[in-house]
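Structure first, then comments.
Read-outs throughout are calculated quantities, based only on the coordinates presented, and are distinct from any laboratory measurement. Predicted model only: the values in this text are computed from it and were never measured. Glycine also receives a Cβ, built like all others from the backbone with ideal geometry; neighbour counts cover every protein chain displayed.
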Amino acid sequence: MLLGNLDVGGAERTALELAKALRAGGAEIQAAALLGGGPLGQAFRDANVPLYEGLLRFRFDVAAAMRVAKLLRRERIDTILLVDIYRNAMFCGLWGAAWSGRAVRRILWCSAVPTGQAGDFTPRLRRALRRGRLDEIVCVSDWQRRLLETYDLPAGKMRTIHNGVDADRFVAAPAALPASMHDAPVLLHVANVMPDKDFETLLIAAKLLLQREMKFHLLLAGRGTDLPAMQAEIDRLGLGDCVHALGLRGDVPQLLAAAKALVLSTRSEVFNIAVLEAFAAGRAVIVSDVPGFAEMFENECEGLKVAPGDPAALADAIERLLGDDDLRARLAGAAHHRSQAFSRERMCEQFADLLG
């Protein structure tokens, strides 16, 4: 399993869960990261998954592909699973497999779309498939797979395996929040600061709620949320008493247990892990109505969907959900039931079938 880095993102966390489950099922699995030092490194080691870090010494390090080739030869690897499509991991993984001298099966686990922050990566995929350097692409949603087909990627080389979460991990006691947060309901937003995440709309919606004299606390959990620029924007909008930037957190199950609902403001999604985690925790969700959520859940069934980039619509949905206990309970119950369709076990069974 070759990752670009060991930062905490949806693809990386899911890769860790897959590695643990496949290893428990008898597979011999090893992981490697082009960049080392991320917070997930220790998690891989704690799961007893052999991990090789820092294969990329500088940005355009062609020798990293040779290091991948050496690793594949030494460990007698049969299959390399490339986690996502970012340029360095694709280059090093595919050329490393070609230079290894082994008949290595090459599978791309793709959690991006060419219309998102990754840019249009499809020309690289078409070349790799045409030249026999890539054998198969695993998509994380049917919508993503259909979209990639419109970019002339062959349907016969792609299959869908939905992301899954370990539901047992989300049976958790609520996080201990400061006493100052006990006076109002808590909402949780889980997302790293990235171009596809729409923090601007989220904060303006929070400002609108404040102007309506609503009481709430909004927790921002994710890498980059605690940077000075985010705090400056929170202060500029006068949200310092109700919006709390937590930064990267390892206690998302506990934060979900303390929250009334998950809110996710975004411009683009493929198959969001934070929403699946909220489902597993039995929490209703409010999300931007982008295509990536279409097969995850229906509006008004397991959660609420609002027009993307519309702060007023987002504020209205939050006000409605917090003000209606029956609605929130109904959505939460349906969300928990829906989580069974996206279990870690089902995802791993499908990967086991793929790997043979």
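Details
- Cα-projected label distance for A307 with L177, points at 7 Å along beta-carbon direction, nm: 3.0 nm
- Note on K215: aspartates and glutamates with a C-alpha under 16 Å away, same-chain residues under 8 apart excluded, are D183, D241, D316, E319, D324, D325.
- Residues of type lysines that K197 reaches as a straight line, Cα spacing below 24 Å, ignoring anything fewer than 8 places off in the same chain: K207, K260, K305
- Largest GNM mean-square fluctuation across T150, T122, T14, computed for the chain with C-alpha springs under 10 Å, falls on T150.
- Choice from D135, D166, D183 with maximal GNM fluctuation in the chain (Cα, 10 Å cutoff): D183
- If the segment from R59 to E233 were pulled out straight at 0.36 nm per residue, it would be longer than the present Cα-Cα gap by 59.5 nm.
- Label-to-label distance for T150 and R130 is 2.2 nm, based on points extended 7 Å past Cα in the beta-carbon direction.
- Net charge of neighbours whose Cβ lies under 12 Å from the Cβ of P308, counting Lys and Arg as +1 and Asp and Glu as -1: -3
- Scoring 274-284, 101-111 by mean Cβ neighbours within 10 Å over their residues and listing the highest first yields 274-284, 101-111.
- Positive-end ranking of A176, Y151, A128 along the dipole of the chain, with charges on Cβ about the Cα centre, is headed by A128.
- By average C-beta atoms within 10 angstrom, highest first, the peptides 137-148, 36-47: 137-148, 36-47
- Extension gain from E300 to A27, taking 0.36 nm per residue of separation minus the Cα-Cα distance: 94.2 nm
- Charge-dipole axis of the chain as Lys and Arg at +1 and Asp and Glu at -1 on Cβ define it, positive-most pick from T14, G37, P253: G37
- What separates the Cα centres of segment 90-117 and segment 245-320 is a distance of 31 Å.
- Remark: segment 2-160 carries a charge dipole of roughly 640 debye about the Cα centre, counting +1 on each Lys and Arg Cβ and -1 on each Asp and Glu Cβ.
- Ordering of 173-180, 200-207, 260-267 by burial proxy (mean other Cβ atoms within 10 Å per residue, highest first): 260-267, 200-207, 173-180
- DSSP H segments from the chain that extend 20 Å or more along their own axis, Cα-based, with Kyte-Doolittle mean of -0.5 or above: 10-24
- Top positive-direction residue, dipole computed over the chain with Cβ charges, set G164, S100, G292: S100
- Note on R169 and Q211: the model spin-label points, each 7 Å out from Cα along the C-beta direction, lie 3.9 nm apart.
- Cα gyration tensor, segment 168-342 - rounded (a/c under 1.5), prolate or oblate: rounded
- Basic side chains Lys and Arg get +1 at the Cβ, acidic Asp and Glu get -1 at the Cβ, and with that the dipole of the chain about its Cα centre reaches some 1820 debye.
- Charge tally around I29: other residues with Cβ under 10 Å, Lys/Arg +1 each, Asp/Glu -1 each, net +1.
- Per residue, the convex hull spanned by the alpha carbons of the chain comes to 132 Å³.
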